[in-house]
Amino acid sequence: MKQTDASSTGWQASNTHNKRRVSVWVAAWVVSMAMAAFGPRFLWDFNTALTVISVLINLALGAGMIMANIRQVKGMDEMQQKIFLDASAVTLGVGLIAGCSYELLEDIRLIGFQPEISHLILLMCLTFALSLIVGNRRYQ
């Protein structure tokens with residue numbers, strides 16, 4: 001019994017460590033995205049070299065975030081992986097369909113403004129969060 005408790009505690013500690021690692025990578029990526037978006041205008045007066053460097057840093061941190069996320073998913077148990085996979089599939093479908101339709105609305109002049117990627121990102125985040133909540137409730 002003690003061995004099961006020890007391995008369970010080790011798994012929980014590893015899972016917590018992976019979650020923290022993903023959180024750090026996400027925070028770093030968000031900060032680098034803000035720097036790439038606002039730095040040229042407010043900090044370095046559109047200096048091309050600094051702008052390119054900030055975008056490259058953003059891409060590198062994004063790759064690190066993806067790798068940390070993969071590590072986190074690999075550390076999950078089978079049920080958590082299924083819930084994550086289902087939520088990811090729903091989010092991909094909603095993002096693809098909503099994104100294409102949203103762009104089409106502007107192309108066929110049903111909306112009078114330029115579609116913004118931030119709207120799609122917000123929709124995908126909400127979809128993913130809701131899908132995780134529904135998945136967790138389904139398997140409780």
Review point. Out of all the residues in segment 70-100, which are in a loop (DSSP other than H, G, I, E, B) and loosely packed, with under 15 Cβ neighbours inside 10 Å?
Key: Asp77
Review point. Ala36 is checked against (1) over 23 Å from Asn136 (Cα atoms); (2) of a type outside the set (S, T, N, Q); (3) in the same structural domain as Gly135 (by TED's automatic domain parsing); (4) at pLDDT 95 or above and fails just one. What number does that condition carry?
Key: (3)
Practice item. Please identify the pairs in which a residue from segment 30-46 that is among the hydrophobic types (A, V, I, L, M, F, W, C) has its Cβ atom under 7 Å from the Cβ atom of a residue that is crowded, with 17+ Cβ neighbours inside 10 Å and in a helix (DSSP H, G or I), counting only partners at least 6 apart or on another chain. Key: Met33/Asn58; Met35/Ser54; Ala36/Ser54; Ala36/Val55; Ala36/Asn58; Phe46/Pro40
Practice item. Among the residues of segment 96-129, write down those that are in contact (Cβ under 8 Å) with a residue 24 or more places away in the chain and hydroxyl-bearing (Ser, Thr, Tyr). Key: Thr127
Review point. Which residue, of Ala68, Ala6, is modelled with pLDDT of 95 or more and out of contact with any strand residue (DSSP E or B) (no Cβ under 6 Å at 6 or more places or on another chain)?
Key: Ala68
Point to revise | Unmet requirement for Phe42, which otherwise passes all of (1) aromatic (Phe, Trp, Tyr); (2) within 13 Å of the chain's Cα centre (by Cα); (3) farther than 30 Å from Asn15 by Cβ | key: (2)
Revision key, fill the gap. Residues of segment 104-135 being polar (S, T, N, Q) and either in contact with a helix residue (DSSP H, G or I) (Cβ under 6 Å, 6 or more places away or on another chain) or more than 23 Å from Ala87 (Cα to Cα) (or both), in sequence order, are Gln114, Thr127, Ser131
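The values are calculated or read from the model by the stated rules, or taken from the named source; none is laboratory data. In this text the structure is predicted, and so the values were computed from the model without any measurement. Because the Cβ atoms are built from the backbone with ideal geometry, glycine has one as well, and the counts that use them run over all protein chains shown.
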